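The values are calculated or read from the model by the stated rules, or taken from the named source; none is laboratory data. Nothing here was measured: the structure is a model prediction, and the numbers come from that model. Cβ atoms come from the backbone with ideal geometry, glycine included; neighbour counts cover every protein chain shown. Keep in mind that these areas ignore ligands, DNA and RNA; they rest on the heavy atoms of the full protein, side chains included. Shrake-Rupley method; radii C 1.70, N 1.55, O 1.52, S 1.80 Å.
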Amino acid sequence: ALVGLALAAGIVGWLQHQLRPLVEAAARAQAANALTAVIDRAIAADLAERDVDYGDFVTIQRDASGAITAMTTDMALNQLRAQLVAQILSALEGVDASEIRIPLGSLVDSELVWARGPELRVRALRVGTVSAEFRSDFSQAGVNQTLHRIELEVAVPVTLILPGGQTELTVETGLRVAETVIVGAVPDTYLTLNGAA
């Protein structure tokens, strides 16, 4: 009996050692997908309700000939960032202790059993605080035209409680807040006020 118990314990330990990397990878992917979807929906719904526009955040200054001399952002971006973070935190409250289910068949590299079989249950706990920063991106959009995008990049630290231990990951996602095509050469001077962009 003792030999049988020792053998069974050895087999369980071996299986756990072999399966843990697969379980961890599947859990990380599912947690990232779930949280990204929640964050994107929260931001998109908030921006749609506000009906924000590029001109709400950026002022383009031109000289008498119409040439662009400077671009500035104002405090509206800082205020929007704080409000969006609050919306994200509220949306994430329902998934703080979300349960991720991974079919055992998904741990085997075979289409026949993919997403089938008994399920492993993993707890995903959000920890820490949500961080969000605006990023400006300039790209060529044609002759003497520049596409300027303002994007919000969000990072959420998460702890996954797996069988046999836990692992940490940071879910990162970004969503476009506003964009416009600027006609004319963009100057080297791009001013930001209060770190808004």
Output the number of residues of the stretch 114-139 satisfying the condition of being more than 16 Å from the chain's Cα centre (by Cα) and at pLDDT below 80. 10
Do we have any residue at all in the stretch 91-113 that's open to solvent by less than 50 Å² (accessible area, probe 1.4 Å) and at pLDDT 75 or above? yes
Pick from the stretch 46-56, criterion of a type in the set (Asp, Glu) and in a helix (DSSP H, G or I), ranking: most open to solvent (accessible area, probe 1.4 Å): GLU49
Being in contact (Cβ under 8 Å) with a residue 12 or more places away in the chain and outside any helix (DSSP H, G or I) narrows ILE60, ILE43 down to just ILE60
